[in-house]
Amino acid sequence: MNIDNKKIFEKLDQGRVGESLEYLPDQMRQVLDEARLIKIPSDYKKVTQVVVNGMGGSNLGTHFTRSAWADKIKVPITITPGYEIPAHVNKNTLFLISSYSGTTEEPLSVYREVKKRGAKIVAITENSKQSRLAKLMLKENIPGYIFNPRYNPSEQPRLGLGYSIFGQAVIMAKAGLFEIKVRPMENIIASMEIWTRKLRSDVPSSRNAAKKIALKIQSKIPVFIGAEHTVGNLHIMRNQVNECSKNFATYLEIPDLNHYAMEGLRFPTANKKNLVLVLFASDLYHKRVQKRINLTKNVVNKNNVATIDYKLTGSDRLTQSFELLQLGAWISYYLGIINNIDPAKIPYVDWFKKQLK
């Protein structure tokens, strides 16, 4: 597969995934411009916890926010995708219902019970005729963000992360959980536009970091490894590679993995053939974590399992988080192309939803 052949992208990318990836900075800028329209009641600032119900692509924003702004957020955030509501949800809870499409049954199913418990409910969804959540927000006067996904032509939630990540972050910030400063975000968006020009499909693999990594992990199970502010990104990359690339992937977190996962590299013996560990390093990690990354790589190499190194370059934790978000999305896209599939289509997920009706 010649990943630099323009015709291959024209043939396989029928779902316009590449366009959505190029538009990620525009998604972010749209949310920044519309942030003034998001109104959160003043009494929501008294909450002592956040609980988020969103499935798949609709909870990726929470994973990102929880790690990227971990040093700023004042209360714990719990992600509870499914039909059940934790016992600790009460009147002091900010309960976020997240459904990109607005039709996802699990988060919609919990609304009445959450309301009964007196939780402070907010929501985020797209503005479409099909969005039941948007209709519910208008009918029940639920605060939050109803966005027009004009910069996500693929229509896939996992590729509209500018809306879900930054939209959720703005809602939480307006609820007083942390502060988002406009100027630094404008600088990050500007950096993302520069990174896009280095990662898009017309940049050859010799100079394209995402293409290089995708080519190295083809025909293998990638295990993404990072720490601290990048952990939310690892979760996102795992999901995107599974969906966009149709390639099984997983992730591990340092230092936790050092207490168990390294012992699992010996068997099955096919590990050395099937696995590749992708380690994301950062000078902003705790010094002990930086040392652990190097030692972890040493252990992996002793087990004859392949490794790939990538060092984040952003000047601060938040910038590095968005840097990795963008890189990971492009990796999943190129791996899908290498695997000779349309990265937009999710046939088994679609089939599964139909069977549940």
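The values are calculated or read from the model by the stated rules, or taken from the named source; none is laboratory data. Just so it is clear, the structure is predicted and the values come from calculations on it, not from any experiment. Ideal geometry is used to build each Cβ from the backbone, glycine not excepted, and the neighbour counts take in all protein chains shown.
Inspection of the range 177-188 finds no residue satisfying the criterion of being surrounded by 24 or more Cβ atoms within 10 Å (Cβ to Cβ), not in a loop (DSSP other than H, G, I, E, B) and not polar (S, T, N, Q). Got at least one residue in the range 118-135 being in contact (Cβ under 8 Å) with a residue 40 or more places away in the chain, farther than 21 Å from Asp33 by Cα and either charged (D, E, K, R) or surrounded by fewer than 24 Cβ atoms within 10 Å (Cβ to Cβ) (or both)? Yes; the residues of the range 118-135 include at least one that is in contact (Cβ under 8 Å) with a residue 40 or more places away in the chain, farther than 21 Å from Asp33 by Cα and either charged (D, E, K, R) or surrounded by fewer than 24 Cβ atoms within 10 Å (Cβ to Cβ) (or both). On the stretch given as the range 318-351, residues that are in a helix (DSSP H, G or I) and of a type in the set (D, E, K, R) total 2. Could you please give the count of residues in the range 213-228 that are closer than 14 Å to Lys311 by Cα and either basic (Lys, Arg) or under 18 Å from the mean Cα position of the chain (by Cα) (or both)? Residues meeting the conditions: 4. The set of residues in the range 1-36 that are in a helix (DSSP H, G or I) and either free of Cβ contacts under 8 Å to residues at least 24 places away in the same chain or acidic (Asp, Glu) (or both) comprises Lys7, Glu10, Lys11, Glu19, Glu22, Asp26, Asp33, Glu34, Arg36. Summed over the range 172-184, the residues that are more than 14 Å from Met28 (Cα to Cα) and among the aliphatic types (A, V, I, L, M) give a count of 4. Screening the candidates Phe224, Phe267 for the property of being aromatic (Phe, Trp, Tyr) and over 30 Å from Phe178 (Cα atoms) yields one hit, Phe267. Taking the range 200-304 and the helices (runs of 4 or more DSSP H) fully enclosed by it, the elements with 3 or more residues that are touching a Ser or Thr at 6+ places or on another chain (Cβ under 9 Å) are at 209-217, 231-244, 287-302. I'd like to check something: does the range 322-345 contain any residue that is among the aromatic types (Phe, Trp, Tyr) and either at pLDDT below 95 or in contact with a Cys (Cβ under 8 Å, 6 or more places away or on another chain) (or both)? Checked the range 322-345: at least one residue is among the aromatic types (Phe, Trp, Tyr) and either at pLDDT below 95 or in contact with a Cys (Cβ under 8 Å, 6 or more places away or on another chain) (or both). Of all residues in the range 293-308, none that is more than 13 Å from Val276 (Cα to Cα) and at pLDDT below 95 has its Cβ atom under 6 Å from the Cβ atom of a residue that is assigned to a helix (DSSP H, G or I) and of a type outside the set (S, T, N, Q), 6 or more apart or on another chain. Anything in the range 335-348 that is touching a residue at least 40 places away in the same chain (Cβ under 8 Å) and loosely packed, with under 13 Cβ neighbours inside 10 Å? List them, or say none. Correct list: Asn340 only.
Can Ser191 be described as of a type in the set (Ser, Thr, Tyr), in contact (Cβ under 8 Å) with a residue 12 or more places away in the chain and outside the structural domain of Val75 (by TED's automatic domain parsing)? Yes, satisfied. Listed by first and then second residue, the pairs with beta-carbon distance under 9 Å, at least 6 apart or on different chains, first residue in the range 309-334 and over 19 Å from Trp69 (Cβ atoms), second surrounded by fewer than 19 Cβ atoms within 10 Å (Cβ to Cβ) and charged (D, E, K, R), are Asp309/Lys297; Lys311/Asp283; Trp330/Arg200. What do you reckon, is Asn274 modelled with pLDDT of 95 or more and in contact with a Lys or Arg (Cβ under 7 Å, 6 or more places away or on another chain)? In short, yes.
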